[in-house]
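Here the structure comes first, spelled out in structure tokens, and everything after it is commentary.
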DNA sequence: ACGCTTACTGTAACCGCTTACATTGTACAA
DNA sequence: TTGTACAATGTAAGCGGTTACAGTAAGCGT
């Protein structure tokens, strides 16, 4: 079926051992830093390795050592800037620690209940970074039960599982930005939720509510809609709210992506930003500074969150103790889209 | 060093064989669709597999079968939307074909000459999609010499190597958009090149030159700058050109990212887009429709390019014949940023 | 009835490493 | 000097699959 590619001419650990005049065990020790090897021997081995351009065969390593030297990343099949930034962060962390990154992006809610096992798991990774609400609790529990180290990124593990999670300071950040909107004179402030069950969204909503309450503004549930953290959905939702005659003077869009949809909706309906309606986002997406008016938002440390997730996962894999939750600080970024609210 | 995770309680092919009452060879045949297996036996095996939730150990498969069922993606450590879209395309292709995606993003020009081998190669993948100018010809040649299947994405292989490449119709697209700029009354049109040696950029420049020549506009080399396909660099370059007193009435920014930088530069210097200076990009990046004025650009089929690259790579791995070059059609998208050029 | 082909299945060697265990050599205390 | 401890290295048994090869049974032409 597949072409056999001259498997015998590949440089293997035997060749290195012969060239260095030692046994394969010693070569292995040098490569992995395990056991004790004299300085002199190590030097000879390293010379042989680089002169032969030897690279250990990953599968053989994986089989023999029961470590794949690979971590998996499960993410939703979305296409925003968010993810490349995240991947960059993960890459920064693992590159010097002899780990590779295996990716799987889920397009539709996936579950192991349905039968088909996930393409990432104990069989091909040493641990997983899970960043998607598309994976149900059962699947996570199953992998956790197999002792597969897992770190959750921007989502929560099943409550009773001891799985570390990395989050942004969502509530604080949301509270800050809603406070800012209020300070600019806005009272009727819309909040657009993220996807069903999304943890970031839930926390941001808490911040939204807290800010309103702290400013003695009664919470109007009709002002809370769903934008799904996606521009298209957010656009539809705002148009719908406007057509239902709901009045508001500001919108906290949940994230920047949704804010972009809000921009489009407001323009279509002839509203000016920020003169008629102020708009705020969350994340400080790459485009936030380029859209016009430039978007007021909350800067979330995306790359850092990837780095932290990887760091904690590797600690978990190495059996080191880890913290159970990391909350990364956010920062309010005030731009044009909230310059002043003049409605009441 | 690392915790031993109960390796004996993992379900392995033996367990499946026993439960189904057959040999491991038969189970393997069922899984891989190799050899002949009676319908009845296959059914029993499949039942055993799903009832035990068996997943073959990737490393063992890799070692025994000399196929890793993994492809590698080498990309530059950039953070634009481009790459998630690409990954999505690759994922779409490989998901149902039993392949996984291993990622490596290069931050600085990498070469195997310098000694350190790449983290992706024959030892852990069945083939590579290379998308970066950060990898030099020597490294590519080396891997190619080892019979590792490679597909180049938006970059060219060393001339004498028989490596398929996927490109956009850059020249055509660039020619179209420059023609459009000319039609709108612009004569002095800037082109911002991408990074040194970038193939997309080179081809776009050809299109730029062709359009000018076809319209009897003399090519002014001082109007050609370098934007590196990056907003920051493009911003600096435009500001520099303006300060050097160079006059122009339109800018073809090379890609959308650079166009965003151009927007910033022009605003800082008090120019209106498109009234004073028209701006055009390339790619139809996600944000192109959101920035203001909405950016006229060339839509490049990014996701499709990822899909095609993966498809061709898998064909290569399977030893099937493949085409040597794919050029994906582009499409002019006219928006606000080129509405009319009124300068001369 | 007999040999031959074909369909199916089992046996066991092997893929290239890691590592438990054995072995050797050397320093040092008794 | 001899026993002990420990550092340095080698030997060889797996890790969990794949697949070449062998074996068995059934179908079929003569």
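The values are calculated or read from the model by the stated rules, or taken from the named source; none is laboratory data. For clarity, every value in this text was computed on a predicted model and none was experimentally measured. Neighbour counts are summed over all protein chains in view; Cβ atoms, including those assigned to glycine, are modelled from backbone coordinates with ideal geometry.
A few notes on this one:
- Single condition residue A:246 does not satisfy, out of (1) within 14 Å of chain B (Cβ to nearest Cβ); (2) farther than 28 Å from residue B:265 by Cα; (3) in a loop (DSSP other than H, G, I, E, B): (1)
- Between B:289, B:303, B:269, the distinction of being at the interface with chain A (Cβ under 10 Å from one of its Cβ atoms) and in contact with a helix residue (DSSP H, G or I) (Cβ under 7 Å, 6 or more places away or on another chain) belongs to B:303 only.
- Comparison of B:110, B:25 shows that the only residue that is at pLDDT 90 or above and either near DNA strand C (Cβ under 9 Å from one of its atoms) or closer than 30 Å to residue A:287 by Cα (or both) is B:25.
- Checked across the stretch A:331-344, the condition of being touching a strand residue (DSSP E or B) at 6+ places or on another chain (Cβ under 8 Å) and either under 27 Å from residue A:128 (Cα atoms) or in a helix (DSSP H, G or I) (or both) holds for no residue.
- Checklist (1) without any contact (Cβ under 8 Å) to a residue 60 or more places away in the chain; (2) more than 12 Å from chain A (Cβ to nearest Cβ); (3) in contact with a strand residue (DSSP E or B) (Cβ under 6 Å, 6 or more places away or on another chain) applied to residue B:251, failing item: (1)
- Qualifying residue in the stretch A:30-47 (condition: within 27 Å of residue A:123 (Cβ to Cβ), crowded, with 22+ Cβ neighbours inside 10 Å and out of contact with any helix residue (DSSP H, G or I) (no Cβ under 7 Å at 6 or more places or on another chain)): no
- Top-ranked residue of the stretch A:35-66 - restricted to ones that are within 7 Å of chain B (Cβ to nearest Cβ) and within 7 Å of DNA strand C (Cβ to nearest atom), ranked as modelled with the lowest pLDDT: A:66
- Scanning the stretch B:7-27 for residues that are closer than 19 Å to residue B:64 by Cα, more than 8 Å from DNA strand D (Cβ to nearest atom) and within 11 Å of chain A (Cβ to nearest Cβ) returns no hits.
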